[in-house]
Structure formats: C-alpha cells, structure tokens
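Worksheet: one structure, shown below.
What follows draws every value from the coordinates through simple rules; no lab data is involved. Every value quoted in this text rests on a predicted model; they were computed, and no experiment measured them. Note: ideal-geometry Cβ built from the backbone for every residue, glycine included; neighbour counts use all protein chains shown.
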Amino acid sequence: MKPMNSPFQEIVLVCDNTRPPGAPKHSCGDHGARAMRKSLKKALKAEGLWGEKVRVLMTSCLDVCPKEGVICSFDRGETLELVDADTETDLVLARIREMCRD
Ligand code: FES
C-alpha cells in the first residue's frame, strides 16, 4: 500500500445494497438510496460543496440492515443514521452542510 492524500474533507456513505426478490433481509437499495444520493449530489454541487469539501458515495451493506429506510454513514464511519429517503433527505443535506463548515 501507498498512502495518498484524500481530495475530500468529508465522505458520506449511503447504503445501496439490494438483495434478490423475496430475500428475508431488508435492502436499503430498495428504499430510495440511489435517488437520495443523486439529490444530495445535485444540491451539494449547486452549493459548491461537492468535490473538495464532500463526496457522497454508494456502498454495499453496512450490516445493520433496518426494517425500512436507508443507512447512511457519517463522521468517517463513526456514526450510522437510519434515513427515510422520501422525507429526510433535507435533514441529511443539512447535516452535510454542517460538516463542511469547518
Ligand atoms: S442493506 Fe443497508 S445496511 Fe444492510
């Protein structure tokens, strides 16, 4: 391995894991994860925060699969949040803005 400087101050992970139909476990990817990430990216780009300040990346299962919603990881993996992608994307955006203030 060779260390590299990260070009971003913050990285937010959005679980986009999907499972086959009928799977017994929840899949965040079936609950709006991709659309939420797209919306966040668009808003952050418009505000000039996307790129050097923050990236929102899709990830596979973070192994805390909720019964509904989407799991997002903040604070370099220290914090996981269950997000309703239909109603709480603005809350995620507000949190990212706060993270980028420093
Ligand atoms: S499917 Fe999202 S945390 Fe497992």
Q: Read through the list (1) more than 12 Å from I11 (Cα to Cα); (2) in contact with a Phe, Trp or Tyr (Cβ under 9 Å, 6 or more places away or on another chain), then give the number of the only condition that G51 fails.
A: (1)
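Quick one: is S6 of a type in the set (S, T, N, Q), away from the ligand (no atom under 15 Å from the Cβ) and surrounded by 15 or more Cβ atoms within 10 Å (Cβ to Cβ)?
No: the conditions fail for S6.
I'd like the residue in segment 58-68 that is near the ligand (Cβ under 9 Å from one of its atoms) and in a loop (DSSP other than H, G, I, E, B) and, out of all such residues, is surrounded by the fewest Cβ atoms within 10 Å (Cβ to Cβ).
Going through the qualifying residues, I end up with D63.
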Q: Scan segment 9-35 for residues that are more than 27 Å from G48 (Cβ to Cβ) and surrounded by 13 or more Cβ atoms within 10 Å (Cβ to Cβ) and jot them down.
A: N17, T18, R19, H26, S27, C28, G29, D30, H31
**Q.** Cross-chain or 6+ apart pairs with Cβ under 8 Å, segment 87-102 first and under 11 Å from E10 (Cα atoms) and free of Cβ contacts under 8 Å to residues at least 60 places away in the same chain, then surrounded by 11 or more Cβ atoms within 10 Å (Cβ to Cβ) and of a type in the set (D, E, K, R)
**A.** R97/E47
Q. Counting only residues that are part of a loop (DSSP other than H, G, I, E, B) and buried (at least 16 other Cβ atoms within 10 Å of the Cβ), how many does segment 44-57 have?
A. 2
(Q) Against the definition (within 13 Å of the ligand (Cβ to nearest atom) and either small (G, A, S) or farther than 17 Å from C100 by Cα (or both)), how does G32 come out, yes or no? (A) yes
Q) Taking segment 2-43 as the region of interest, how many residues are assigned to a loop (DSSP other than H, G, I, E, B) and on the phi < 0 side of the Ramachandran plot? A) 20
